[in-house]
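Enquirer: Below is the structure I would like to discuss, written out as structure tokens.
Derivation of every value follows stated rules applied to the coordinates shown; laboratory data play no part. Because the structure is a prediction, the values reported are computed rather than measured. Ideal geometry is used to build each Cβ from the backbone, glycine not excepted, and the neighbour counts take in all protein chains shown.
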Amino acid sequence: MIYIFVLTTIILALVIVFQNIKIHSISDNIKEVMDGNFNERIRIYDYNPRVKNLIINLNRLIDEFQKIVSLNKQYEEDRKKMISNISHDFRTPLTTMLGYIEMLRDDNSLNDEEHMEYLEIISTKGEILRGLIEEFFSLSKFDSSDVVLTFKRVNISEIMRQCILSFIKDFEINGIELVIDISNVDLFIRADEGAIYRVIQNLIANALRYGAEGKVIGVSLDGEMDSVVLEIWDMGRGIPQEEIPYIFKRLYSVDKSRNNRQTGSGLGLAIVKKLVEKHEGIIEVSSKPYEKTTFKITLRSIM
């Protein structure tokens, strides 16, 4: 590994320059680190200040190497978990689709109404699969920095209204009261219109998925000084305080859903956070179970 190579090279240089350093002691320390004991540090005492500073910096290098190894281990665990969850997310709707396709193909007793019902189920599950694929594709593009946003002056008030209208049927079907509080004065920001629409869309979808049992969902938009503040809230079971720092991690909701009966891809909030950050905005979350769970976004406004 490159860091071990660099570390060893520096040690060898020290040995050449300072022959009186305890070579065996340093060698043992380095071997411990190379064998995986990242808590090991070089302990050399009673030398001149320059040597002491070098030893301190070597130990700092080991500290950094320990952090990198820890991050790589966490990344590998997250990668394995993601692959497992992706497989689960894809397999569930796909299994349902294949089952209904088989019935349509083999069951000659089905009438026209049943045919249409099964085709509708297949279509619905197909849309779920397509949505999952699009979200995974979007997040992979964010990770590789392939997403190019086009910033311009946009009317966020109008974007908000359009997005709310797209969910009207969902609110009606679930018997949810919608509380709207949008400033009468149109508010403008410098943003990518499609990205902001997706942020609002994902947050409303998240409120529907996890807060529908509270039967009330609210959306608000207002101007504060030189900022625009957007809030989407629900009165569902909420988010435990200890879990709030993790909700923007990809696939979070698959493992720790607020409602075990409702699960999503776990990517919606991860995408929201990345898009808000690309707009140099701030996203905050607060939650009191069965009282109010709020996602608040603050963006810079323009005239």
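Enquirer: So how compact is region 152-302: Cα radius of gyration and Dmax in angstrom?
Expert: 14.6, 42
Enquirer: What dipole magnitude, in Debye to the nearest 20, does region 194-254 give about its Cα centre under +1 on Lys/Arg Cβ and -1 on Asp/Glu Cβ? Please report the intermediate quantities before stating the final value.
Expert: On the way: 6 positive and 8 negative charges, 86 e Å.
With Lys and Arg at +1 and Asp and Glu at -1, about 420 debye.
Enquirer: By its C-alpha gyration tensor, with a ≥ b ≥ c as the square roots of the eigenvalues, how is region 55-189 shaped: rounded for a/c under 1.5, else prolate for a/b larger than b/c, else oblate?
Expert: oblate
Enquirer: Measuring from centroid to centroid over Cα atoms, what is the spacing of region 189-240 and region 86-149 in Å?
Expert: Centre-to-centre distance over Cα atoms comes out at 27 Å.
Enquirer: Among rounded, prolate and oblate, which fits region 108-172 when a ≥ b ≥ c are the square roots of the eigenvalues of its C-alpha gyration tensor, a/c under 1.5 means rounded, and a/b larger than b/c means prolate?
Expert: Oblate is the answer for region 108-172, as a/c is 1.5 or above yet b/c matches or exceeds a/b.
Enquirer: Please compute the length gained on full extension between Glu134 and Glu280, using 0.36 nm multiplied by the number of residues separating them and subtracting their Cα-Cα distance. Could you put the intermediate results ahead of the total?
Expert: Working: separation 146, 0.36 × 146 = 52.56 nm, distance 2.41 nm.
Difference between extended and current length: 50.2 nm.
Enquirer: Sticking with this one: Quote the relative contact order of region 152-302 in percent (integer), defining contacts as alpha-carbon pairs under 8 Å separated by 6+ residues.
Expert: Working: 287 pairs, mean separation 38.9, N = 151.
After rounding, I find 26 percent.
Enquirer: Quick one: length gained pulling Ser87 to Leu71 fully straight, 0.36 nm per residue minus the C-alpha distance?
Expert: 3.3 nm
Enquirer: I need the calculated FRET efficiency for the pair Thr96 and Val216, taking r as the beta carbon distance and R₀ as 25 Å, to the nearest 0.05.
Expert: The calculated FRET efficiency here is 0.20.
Enquirer: Ok, one more. Extending each Cα 7 Å along its Cβ direction at Arg50 and Glu158, get the distance between those two points in nm, one decimal.
Expert: 7.0 nm
Enquirer: Considering Cα pairs under 8 angstrom that are at least six residues apart, work out the relative contact order of region 100-224 and quote it in whole percent. Present the calculation step by step, with values, prior to reporting the outcome.
Expert: Details: 97 pairs, mean separation 33.7, N = 125.
Once normalised by length, the contact order is 27 percent.
Enquirer: Still on this structure, I have one more. How would you order 236-242, 110-116 from highest to lowest mean count of nearby Cβ atoms within 10 Å?
Expert: Highest mean packing first, the order is 236-242, 110-116.
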